[in-house]
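A.B. asks: For reference, the structure I am asking about is given below.
The values are calculated or read from the model by the stated rules, or taken from the named source; none is laboratory data. For clarity, every value in this text was computed on a predicted model and none was experimentally measured. All Cβ positions, even for glycine, are placed from backbone atoms using ideal geometry, and neighbour counts span all protein chains on display.
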Amino acid sequence: MAVELKPLMPKATAVWLVDNTGLSFEQIADFCGLHPLEVKGIADEDVAKGIKGQDPVATGQLTREQIADAEKNPNKRLKMAAPKHKMPTVRQKRAPRYTPVSKRQDKPDAVYWLIRNHPEFTDSDIIKLIGTTKATIAKIRERSHWNAANIKAVDPVTLGLTSQLELDLAVTRASAKFERAQKRAARKGASLKTISETTGAHELPPREEESSEGAPASDDNNLSSELEQD
């Protein structure tokens, strides 16, 4: 269900509509997302004192025709006009995961637990889930962390570093990614020949041993037979 848009500056827009149109308090309140009594307070100058009115027609939020029709029919609701220019969607950069200072000392235990229990996790998966650094993960893997002797595997959910839902979702994604990588590797390996197959095709056949029957006589045998004849 689409969310109904409201003016960017609702009170300033309401001030302008109260001063420049014959719309009812209910119509202005509905369009601006305010309470009718708040609009009445604007008209009585008890609310929004010092706020300069903003023309919704000039900003493209309403048209003159819409206002004229609504003035004739008190039951008619005003709606935001369609924007003339389509604004591109801006992808917000995900902020780094914040961990309270009291729980930061528990991160190595959580990282060690993930390394032991979920080998399908990459360093980036652990970083997203726990909010640690790649250097810390490498030191824990190599057991070169400054506190390696005291690091023990503890479930990050138990430590309060993540929720069970987030952990399950991360495990599902990492497992699926790991399986896809294995399938790609299997397909790639099937198209390649083994080392013995590739090298065996170019090896020379072994030299056959010459038998006494039918084999050509060596030079030494020819020389001895000539001596006997002499």
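A.B. asks: Looking at region 155-181, I want the residues that are touching a residue at least 12 places away in the same chain (Cβ under 8 Å) and have a partner that is among the polar types (S, T, N, Q) with Cβ atoms under 7 Å, at least 6 apart or on another chain. Which pairs are those?
C.D. replies: Qualifying pairs under 7 Å: P156/T162; L161/T99.
Conditions (1) outside any loop (DSSP other than H, G, I, E, B); (2) surrounded by 18 or more Cβ atoms within 10 Å (Cβ to Cβ), marked per residue:
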| position | (1), (2) |
| --- | --- |
| I126 | yes, yes |
| L129 | yes, yes |
| A135 | yes, no |
| R141 | yes, no |
| H145 | no, yes |
| T158 | yes, no |
| T162 | no, yes |
| L165 | yes, no |
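A.B. asks: Would region 80-103 turn up any residue that is surrounded by 10 or more Cβ atoms within 10 Å (Cβ to Cβ), assigned to a helix (DSSP H, G or I), at pLDDT below 90 and over 23 Å from the mean Cα position of the chain (by Cα)?
C.D. replies: Yes, region 80-103 has at least one match.
A.B. asks: Please go through region 45-58 and pick out each residue that is surrounded by 11 or more Cβ atoms within 10 Å (Cβ to Cβ) and closer than 14 Å to N20 by Cβ.
C.D. replies: G53, Q54, D55, P56, V57
A.B. asks: Could you list, in sequence order, the residues of region 1-41 that are in contact with a Gly (Cβ under 7 Å, 6 or more places away or on another chain) and of a type in the set (F, W, Y)?
C.D. replies: Taking region 1-41 as the starting set, the residues that turn out to be in contact with a Gly (Cβ under 7 Å, 6 or more places away or on another chain) are 6, 10, 12, 15-16, 19.
Once the filter is applied, which keeps residues that are in contact with a Gly (Cβ under 7 Å, 6 or more places away or on another chain) and of a type in the set (F, W, Y), region 1-41 yields only W16.
A.B. asks: Something else: Identify all residues within region 20-37 that are under 14 Å from V57 (Cα atoms) and not hydrophobic (A, V, I, L, M, F, W, C); write none if there are none.
C.D. replies: Residues satisfying the conditions are N20, T21.
Okay, residues lined up against (1) in contact (Cβ under 8 Å) with a residue 60 or more places away in the chain; (2) more than 13 Å from T13 (Cβ to Cβ); (3) of a type outside the set (V, I, T); (4) not in a helix (DSSP H, G or I):
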position	(1), (2), (3), (4)
D46	no, yes, yes, yes
K49	no, yes, yes, yes
Q54	no, no, yes, yes
G60	no, no, yes, yes
I67	no, no, no, no
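A.B. asks: Kindly check whether there is at least one residue in region 12-25 that is under 30 Å from T136 (Cα atoms), under 41 Å from the mean Cα position of the chain (by Cα) and either at pLDDT 90 or above or not assigned by TED's automatic domain parsing to the domain that holds L161 (or both).
C.D. replies: For region 12-25, residues under 30 Å from T136 (Cα atoms), under 41 Å from the mean Cα position of the chain (by Cα) and either at pLDDT 90 or above or not assigned by TED's automatic domain parsing to the domain that holds L161 (or both): absent.
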